[in-house]
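So the structure is just underneath, and the comments pick up after that.
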Amino acid sequence: MSAPTAAPSGARTDTAPPGPAARRVRPPRWLDLRLVLGVLLVLGSVLVGARVVTAADATVPVWSAAGDLAAGTVLSDADLVPVSVRLDDVAEAYLATSTRPAGRVLARAVRAGELLPRSVLEEAGDLVQLALPVQAGYVPPGLDRGQVVDVYAVADPVVGGSAPAGGGVDVVVSGAPVQAVTGRGDGVLSTATSTVQVVVAVAAEDAADVLASIRGRGLVVVVRNSVEATAGPSGAAAGAVPAGPTD
């Protein structure tokens with residue numbers, strides 16, 4: 001029987017400690033709470049951003065004046081241009097482009113670029129358009145639709161009148177908006193004695209008085225400085241003054 005062998009001096013007699021027990025790795029779950037919260041946060045951010053962008057671009061198309069227009073102007077399609085603006089709660093006060101205001105009359109003057117309020121429109125009523133023949137040399141060169149004019153009758157053959165001189169000067173139309181200017185040419189054949197038709201709107205009941213007050217005399221057109229300088233709220237030539245006796 002042999003004796004047990006002694007371990008060499010300095011040799012380690014302890015064994016290595018056991019390692020941690022291996023755990024089974026679970027596959028990720030689609031219903032993980034953190035994943036769900038992340039998706040909800042992303043969706044919420046997208047919705048909030050979309051609402052902000054939509055609110056910032058909440059514009060509506062409305063009509064704007066293409067130029068200065070006097071009170072009493074009978075609107076045409078050429079007088080208006082569509083613009084998109086943000087009006088919020090006051091959008092109903094302005095005229096949307098889905099409406100057609102042509103043929104309506106302005107109750108007050110509007111400036112170029114001004115949005116067209118519903119409150120400035122009124123029906124044409126008994127207005128008629130009166131074409132006045134004026135020699136081109138007595139029509140301001142810049143005369144255009146929408147301006148306010150006074151028209152004078154002058155007893156002078158030089159201005160195209162057939163009545164003898166000395167018949168006086170009378171205002172036959174006062175503060176009337178110009179509806180159209182026709183017959184004016186800018187070519188080499190145009191002369192100061194050619195006839196231009198200046199169309200103004202007058203009350204139907206005043207048209208006969210305007211024509212009678214001319215009495216064959218020549219006409220001179222004078223433009224007022226502002227489209228707001230009209231004689232009355234309708235802007236029609238209700239201020240036509242029949243010629244009275246002259247000295």
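Miscellaneous remarks
- In this structure, the amide hydrogen of Gly67, modeled 1.01 Å from its nitrogen in the peptide plane, lies closer than 5 angstrom to those of Gly113, counting only residues at least 5 positions away or on a different chain.
- Taking amide H as placed 1.01 Å from N in the peptide plane, the amide H of Thr97 sits under 5 Å from that of Val62, Trp63, each at least 5 places away or on another chain.
- The stretch 73-142 - percent relative contact order, Cα under 8 Å, separation 6 or more: 33 percent
- Each residue of the stretch 144-153 was assigned a 3J(HN,Hα) from its phi angle through the Karplus curve 6.51 cos²θ - 1.76 cosθ + 1.60 (θ = phi - 60°); the sequence is 8, 4, x, 7, 9, 10, 10, 10, 10, 9 Hz, with glycine and proline shown as x.
- Amide H to amide H, with H built 1.01 Å from N, Gly168 comes under 5 Å of Ala155, counting only residues 5 or more places away or on other chains.
- Peptides 97-104, 170-177 ordered by packing proxy, namely the average of other Cβ atoms within 10 Å per residue, highest first: 170-177, 97-104.
- Cβ crowding within 10 Å averaged over residues, with 86-95, 69-78 ranked highest first: 69-78, 86-95
- Packing, taken as the mean count of other beta carbons within 10 Å per residue, orders the peptides 109-118, 213-222 from highest to lowest as 213-222, 109-118.
- The phi torsions of the stretch 124-130, fed into the Karplus equation with coefficients 6.51, -1.76 and 1.60 and a -60° offset, translate into couplings of 5, x, 9, 6, 10, 9, 10 Hz, rounded to whole numbers, with Gly and Pro shown as x.
Read-outs throughout are calculated quantities, based only on the coordinates presented, and are distinct from any laboratory measurement. The shown structure was predicted, so the numbers you read here are calculated from the model rather than taken from an experiment. Using ideal geometry, Cβ is built from the backbone for each residue, glycine included, and neighbour counts are taken over all protein chains shown.
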